[in-house]
Amino acid sequence: MKRHYFILLVIVMTTTAAVGVMAQGEPDFPAPQDHVEDQVCAGLQGANLLQNPSFEGDYSPYIPPGGHPDCPTGTCNTAQMADGWTPYWRSHDPSDPPEIIRMPEYKPAEAGQAPPRTHDGERAQQLFTFSSTHEAGFYQQVSVTPGNYYCFGIWGHSWSTQIDDPFFNDSEIEQNIGIDPTGGTDWESDAIVWGGPKQYYIYPATEENDFGENAFGPFTLVVQAQSSQMTVYTWSRPLWPVKHNDVYWDQAVLLEAPEPPDMTLSRHGIAVVRQPGSALYNLLVDVSFVQDPGVTWSATVNPGNTLDVTLWPMVGSGAAGTGDDDLSIRFASDGYGPGSYNATVTVESHPEVAGSPDTVNVSLHVFEEIHTNYVPLFRR
């Protein structure tokens with residue numbers, strides 16, 4: 001009987017997960033935007049619970065109950081406030097240099113300035129320090145229903161520079177908003193839920209980019225009321241004692257929200273498998289929020305990792321963004337020999353909502369070079 005012999009060629013090789021290759025070098029920072037299409041507390045209906053939310057009308061000097069050491073006459077004439085809003089600030093510590101943390105001045109910003117310092121209407125609330133820093137803001141206490149969720153939103157921007165050009169910024173001011181769900185009026189209370197700090201500035205138009213003149217950006221925060229009163233706060237802090245440290249707030253809302261927000265991540269585990277060599281990876285994770293476009297997120301790399309990763313959009317040693325921003329986890333595979341390497345990234349929301357914090361596990365598995373084996377197959 002004739003016998004037939006066949007040879008089967010079996011090639012065993014490693015597999016590379018094509019997760020997306022990062023372009024060489026860091027990307028440019030995003031261009032400034034005028035945010036005219038953004039909204040605060042988007043999609044929510046109902047009555048605005050705030051008094052004088054647009055900061056219009058007459059302004060009057062603040063008279064602190066019981067007095068204040070920064071206002072020795074009993075009236076804070078340099079704190080001109082819109083009706084319905086109460087200022088607060090951190091007083092100067094005599095042990096600090098004279099330009100560090102001073103009482104700011106409060107006054108109305110008027111429509112018609114160049115560039116505009118109002119988001120809408122005729123006036124906005126302005127506060128500023130001259131050649132010094134501050135930590136300050138204002139608040140309003142509102143009657144609410146305990147157990148219900150409420151969305152606080154407001155528009156803000158700042159001007160921070162050592163020179164007198166109102167379109168120019170060469171320093172930084174952080175702005176933030178908070179809600180005390182217990183209705184307290186102590187701005188340093190641990191009960192306050194703070195959002196993530198942001199920075200919005202005027203940028204001059206160029207031939208390549210016309211950024212417009214409305215550089216206000218949105219701030220939004222949703223919190224559950226724990227009492228029959230809720231207090232909303234603004235906050236700002238310049239990082240450097242430059243000549244102009246000016247902050248502007250306008251068009252606030254406090255609306256009842258239908259349900260609590262929650263956070264979801266599109267990926268919880270990402271594995272890259274490859275043979276030894278050099279490659280750059282940019283692994284995207286979609287961070288999204290239900291029922292609240294104003295919640296922000298931050299991401300940090302956990303300690304004790306064997307895989308060296310970096311995060312984007314970069315903020316400090318980690319990353320931060322909104323529900324419109326993807327978290328980018330990046331690493332290079334060169335320098336890793338055969339073996340398995342891991343990193344864990346923690347993502348948390350501000351304020352904390354359901355589903356936060358959450359983690360993303362990233363692993364790189366490096367195998368030996370390609371191997372080729374020939375296995376005979378016999379057939380009668």
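The values are calculated or read from the model by the stated rules, or taken from the named source; none is laboratory data. This structure is a prediction, so every number in the text was calculated from the model and none was measured. FYI the Cβ positions are ideal-geometry reconstructions off the backbone, even for glycines, and counts take in every protein chain you see.
Counting only strands (runs of 3 or more DSSP E) that sit wholly inside segment 221-316, those with at least 3 residues that are closer than 24 Å to residue 348 by Cβ, touching a strand residue (DSSP E or B) at 6+ places or on another chain (Cβ under 9 Å) and in contact (Cβ under 8 Å) with a residue 24 or more places away in the chain are 229-238, 262-265, 269-274, 280-290, 296-301. Within segment 224-274, the set of residues being out of contact with any Leu (no Cβ under 7 Å at 6 or more places or on another chain), β-branched (Val, Ile, Thr) and farther than 22 Å from residue 41 by Cα comprises 242, 273. Scan segment 181-205 for residues that are out of contact with any Asp or Glu (no Cβ under 7 Å at 6 or more places or on another chain) and either among the small types (Gly, Ala, Ser) or modelled with pLDDT of 90 or more (or both) and the total you get is 14. Annotation for segment 62-74: at least one member residue is of a type in the set (A, V, I, L, M), in the same structural domain as residue 239 (by TED's automatic domain parsing) and more than 23 Å from residue 223 (Cβ to Cβ). Comparison of 84, 74, 43 shows that the only residue that is under 28 Å from residue 200 (Cα atoms), small (Gly, Ala, Ser) and modelled with pLDDT of 95 or more is 84. If you check residue 321 against the conditions, is it under 30 Å from residue 42 (Cα atoms) and either assigned by TED's automatic domain parsing to the domain that holds residue 267 or touching a Leu at 6+ places or on another chain (Cβ under 6 Å) (or both)? In short, yes.
Only residues that are of a type in the set (A, V, I, L, M) and either outside any loop (DSSP other than H, G, I, E, B) or in contact with a Ser or Thr (Cβ under 6 Å, 6 or more places away or on another chain) (or both): list them for segment 141-199, please.
Answer for segment 141-199, where residues must be of a type in the set (A, V, I, L, M) and either outside any loop (DSSP other than H, G, I, E, B) or in contact with a Ser or Thr (Cβ under 6 Å, 6 or more places away or on another chain) (or both): 142, 154, 173, 177, 179, 191, 193.
Scanning segment 102-111 for residues that are in contact (Cβ under 8 Å) with a residue 24 or more places away in the chain, assigned to a loop (DSSP other than H, G, I, E, B) and either of a type in the set (D, E, K, R) or under 17 Å from residue 52 (Cβ atoms) (or both) yields a single hit, 102. Reported count of residues in segment 61-85, each being within 12 Å of residue 105 (Cα to Cα) and touching a residue at least 40 places away in the same chain (Cβ under 8 Å), is 2. Does residue 330 fit the bill of being part of a strand (DSSP E or B), more than 30 Å from residue 146 (Cα to Cα) and of a type in the set (D, E, K, R)? Yes, satisfied. Of note, residue 168 does not satisfy the criterion of being closer than 15 Å to residue 241 by Cβ, touching a strand residue (DSSP E or B) at 6+ places or on another chain (Cβ under 8 Å) and of a type in the set (A, V, I, L, M, F, W, C). Applying the condition of being part of a loop (DSSP other than H, G, I, E, B) and within 26 Å of the chain's Cα centre (by Cα) to segment 62-101 and asking which residue is farthest from residue 133 (Cα to Cα) yields 85. Regarding residue 170, is this residue over 25 Å from residue 324 (Cα atoms), at pLDDT 95 or above and under 24 Å from the mean Cα position of the chain (by Cα)? Spelling it out, it is not the case that residue 170 is over 25 Å from residue 324 (Cα atoms), at pLDDT 95 or above and under 24 Å from the mean Cα position of the chain (by Cα).
Answer yes or no: is there a residue in segment 112-119 that is assigned to a loop (DSSP other than H, G, I, E, B) and over 19 Å from residue 201 (Cβ atoms).
Yes - at least one qualifying residue is present in segment 112-119.
Any chance segment 316-328 includes a residue that's at pLDDT below 95, acidic (Asp, Glu) and under 30 Å from residue 48 (Cβ atoms)? Yes; the residues of segment 316-328 include at least one that is at pLDDT below 95, acidic (Asp, Glu) and under 30 Å from residue 48 (Cβ atoms).
Filter segment 351-366 for residues that are assigned to a loop (DSSP other than H, G, I, E, B) and either over 18 Å from the mean Cα position of the chain (by Cα) or of a type in the set (Gly, Ala, Ser) (or both); which is modelled with the lowest pLDDT?
Start the filter on segment 351-366 by keeping residues that are assigned to a loop (DSSP other than H, G, I, E, B), which leaves 351-353, 355-357.
Applying the additional criterion that residues be either over 18 Å from the mean Cα position of the chain (by Cα) or of a type in the set (Gly, Ala, Ser) (or both) yields 355-356.
Details: 355: 85, 356: 89.
Here the answer is 355.
Among residues of segment 134-154 being surrounded by fewer than 24 Cβ atoms within 10 Å (Cβ to Cβ) and within 18 Å of residue 175 (Cβ to Cβ), the one that is nearest to the chain's Cα centre (by Cα) is 135.
If you go through segment 269-288 one residue at a time, do you hit one that is surrounded by fewer than 20 Cβ atoms within 10 Å (Cβ to Cβ), among the β-branched types (Val, Ile, Thr) and within 13 Å of the chain's Cα centre (by Cα)? For segment 269-288, residues surrounded by fewer than 20 Cβ atoms within 10 Å (Cβ to Cβ), among the β-branched types (Val, Ile, Thr) and within 13 Å of the chain's Cα centre (by Cα): absent.
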